[in-house]
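What follows is a set of notes on a single structure, which appears directly below.
The values are calculated or read from the model by the stated rules, or taken from the named source; none is laboratory data. Just so you know, these numbers come straight off a predicted model, no measurement behind them. Every residue, glycine among them, receives a Cβ derived from its backbone with ideal geometry; neighbour counts consider all protein chains shown. In case anyone asks, the SASA skips ligands and DNA or RNA and just uses the protein heavy atoms, side chains included. Shrake-Rupley method; radii C 1.70, N 1.55, O 1.52, S 1.80 Å.
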Amino acid sequence: CSGFPLSVFFIVINEFCERFSYYGMRAVLVLYFKYFLHWDDNLATTIYHTFVALCYLTPILGAIIADSWLGKFKTIFYLSIVYTIGQAVLSVGSINDLTDHNRDGSPDNVALHIALSMIGLILIAFGTGGIKPCVSAFGGDQFEEDQEEQRSTFFSLFYLSVNAGSLISTIVTPNLRATECGIHTKQRCYPLAFGIPAILMAVSLIVFVLGSRMYKKVKPQGNVMLQVCKCIGFAIKNRFRHRSKEFPKREHWLDWASEKYDKRLIAQTKMVLKVLFLYIPLPMFWALFDQQGSRWTLQATAMNGDFGISVQPDQMQIVNPVLIVIMVPVVDSFIYPLIKKCKINFTPLRKITVGMFLASMAFVAAALLQVQIDKTSPVFPASGQTQIRLMNLGNVPATVQFQPQLQSVDVAPREATDYMIFKTSQLQSLNITSGSLKKTQSLEGLLGEKRYTFAFQEFGVDIASNLLFDNVTSKPEEGTNLIRFINSYILTANVTLDDKAVAVLPHLSASNYTTIPGGKRQHIINSTTPLSSCTIPSKKFGFGSAYTISVNSCTQDTLNVTYFEDIPPSSVHMAWQIPQYFLLTCGEVVFSVTGLEFSYSQAPSNMKSVLQAGWLLSVAVGNIIVLIVAGASKLSKQWAEYVLFASLLFVVCIIFAIMANFYTYVDPNEIEAQFDREEKEDKKGQEDREKEAEADSKM
């Protein structure tokens, strides 16, 4: 088809579906841990990075299986089946109704959901990692040697399909997650968010199998990684055997493998190890980079996602692939040529150093943003503390004195104070004075680490009051809002929200909190009493807020309400994450792209797969670093953890710059050409000797 083997189009479609499946699932994974499995931020981050690390460790296993035993086609086929099963198991594990027998909206057997989720993720890690090194190489195998131009175009299409799958899935699956679904109770639709990627993976497998008869299937020819490992192992073992001083030293420790392996392999291994030595500091970059899907996504949950439309926290990850598409041509076409014109020797290793520095600055930006988020976050009571807020629902000012002589507070009509913090053990009672009326309320028996609202209202010759327990001790999850109603009208009110019953409220009683979506949407509040029925559109609640709404009297069929802010909405906009994404993406462009190009330029042609394995291993180690820090860190503030990671990468950046300064660039092609010449000369010499021996025998 247009000079291309028809089989490669099946491979491109297969890759698009597989990348959609992987990145779509991964985009919502950390929020699934936090909000469905109810893990805290540190545990969610730890398991997320454990999974990502496993995804980058298994490619080495996949490459060995493909090159040594099964071949690329069978490896892709069998591991894709494993992959599809894993996605399906994860999707089933996220079905709330699976164990919600009492239909209260929460799974009754969380352990079963955790077990299914972990089994699914392990299967996915082996599947996606195992096929990662095989698919692109299998596509390259479909071309003849004289189709170099078509092969190059194929790889461009291949990586375009990778980015397209990633980009589209990062938009789609968070929206699927944000919808509500369920048989008995409506929940965030994780089964659909995981189910669509599972379906795409099944489609990927079917498409791949459909092209089976068209593929050129190269037989396994042995894995060079195993040869390199055996060569290194033999050199170490042989050196250890000959550690006595009576044996002369050799120029390089790998030369101890010369008894078993030829000079070419030893020389090639030396070049590879020289590059792999430079890989040692690289995992720290990936430790920061892959936190886009964990810490940065969790950071976005506490922010305002109003961009005209509601943007989900996990959708902010799309900024990275969008910026990649923009920045790669900009850097290649404008930035690098400009640096060259300024006569700056911007070597590949210097580019990698700059990439590390930019990633470090991205986390400084994330820390500064986190400080601003923390400033707007509500303060909740600590151990041994209780918070109390006063709410005056009457039309007369009041003065409240906390006993024993703790604090005196004036409260205006239809107003509420902020939450005040007291030591739980010191609270005894409070005295209210409203006009000529007085009342005393006991505060004994209040719980520590809890919030209360004391609502009161003058009522004839008395002061009516109610001490409300505010069972909210954190910001609402996922940018949703919480609202409850309190009836300040003298008659019992039947309150509905968007035509759904909330509660029947006697005077000064309050409903439970109701969860509503975040955003600019207005809701219809209705109050029906024995004398009237009236409605009013609500205010726009924003993201992550909690309100108590006082239901008052009616004026010409319009309900009068008063809003009391229990938890302020998130005021820091998600757009403020873009600077840190920009810095990290710029770092990725000069680090990742340059790193791969440098590695390939410094390694022999038959050793590219070894360096690819080393590169993927550095990503895995980077994720392991995150889970170690997240598990061991005693830092209570998230901004401090960001600063810690930024500092660690900055130190590593300096170390790498020093290492790079001592690196000497080589030309592997020239070295291999020299070996070719030597082998030709040896062969020619051998032929000459054989001819001489033959001539001598005839004489």
Handout entry: Test item: Cα-centred dipole of the chain, Lys/Arg +1 and Asp/Glu -1 on Cβ, debye
Key = 880
Handout entry: Loop trypsin sites (Lys or Arg not before Pro), segment 159-209 (other Cβ atoms within 10 Å of the site Cβ: 14 or fewer; DSSP)
Key = Lys186
Completion exercise
Descending packing, highest mean Cβ count within 10 Å first, for 69-76, 189-196, 207-214, 661-668 is 189-196, 69-76, 207-214, 661-668
Problem - Point-charge dipole on Cβ atoms (K/R +1, D/E -1) for segment 1-222, about Cα centre, debye to 20 - result: 240
Fill in the blank from the handout: Taking a ≥ b ≥ c as the square roots of the Cα gyration tensor eigenvalues, with a/c under 1.5 meaning rounded and otherwise prolate when a/b beats b/c or oblate if not, segment 572-642 comes out oblate
Practice task
Can you sort Thr496, Thr548 by 1.4 Å-probe accessible area, starting with the largest?
Solution key: Thr496, Thr548
Handout entry: Selection from Gly631, Leu276, Leu616 lying farthest towards where the dipole of the chain points positive, charges on Cβ
Key = Leu276
Handout entry: Local electrostatic count, Ile47, Cβ distance below 12 Å [Lys/Arg +1, Asp/Glu -1]
Key = -1
Practice task
Only Lys, Arg, Asp and Glu count, each charged at its Cβ (+1, +1, -1, -1), so figure out the dipole size of segment 380-470 about its Cα centre, rounded to 20 debye.
Solution key: 80
Practice task
Please give the helix 668-698 orientation as an angle from the longest Cα principal axis of the chain, in degrees from 0 to 90, rounded to the nearest 10.
Solution key: 30
Problem - Charge tally in the Cβ shell below 14 Å around Pro107, where Lys, Arg are +1 and Asp, Glu are -1, Pro107 excluded - result: -2
Exercise for the section: Would you list, by chain and number, the lysines whose Cα falls below 25 Å from the Cα of Lys637, excluding same-chain residues fewer than 8 positions away? Expected result: Lys34, Lys375, Lys423, Lys450, Lys475
Practice task
Determine which lysines satisfy two conditions relative to Lys237: a Cα distance under 23 Å, and not lying fewer than 8 residues away in the same chain.
Solution key: Lys245, Lys249, Lys260, Lys263, Lys270, Lys274
Exercise for the section: Sequence neighbours fewer than 8 away in the same chain don't count; with that in mind, list the lysines whose C-alpha is under 23 Å from Lys217. Expected result: Lys72, Lys74, Lys132, Lys608
Practice task
Round to the nearest 10 and give me the degree value, 0 to 90, for the angle of helix 638-661's Cα axis relative to the longest principal axis of the chain.
Solution key: 20
Exercise for the section: Within segment 545-645, report the trypsin sites (Lys or Arg not before Pro) that DSSP leaves as loop and that have at most 15 other Cβ atoms within 10 Å. Expected result: Lys634, Lys637
Practice task
Kindly rank 387-393, 503-509, 102-108 from highest to lowest mean number of other beta carbons found within 10 Å of each residue.
Solution key: 387-393, 503-509, 102-108
Completion exercise
Summed over the other residues with a beta carbon less than 9 angstrom from that of Pro220, with K and R at +1 and D and E at -1, the charge totals +1
Exercise for the section: Kindly report the accessible area of segment 1-222 per residue (heavy atoms of protein chains, probe 1.4 Å, no ligands, DNA or RNA), in Å². Expected result: 42
Handout entry: Selection of GluC sites (Glu not before Pro), segment 426-486, meeting DSSP coil and at most 16 other Cβ within 10 Å
Key = Glu444, Glu449
Exercise for the section: Go through 159-167, 315-323 and give me the packing order, highest mean Cβ count within 10 Å leading. Expected result: 315-323, 159-167
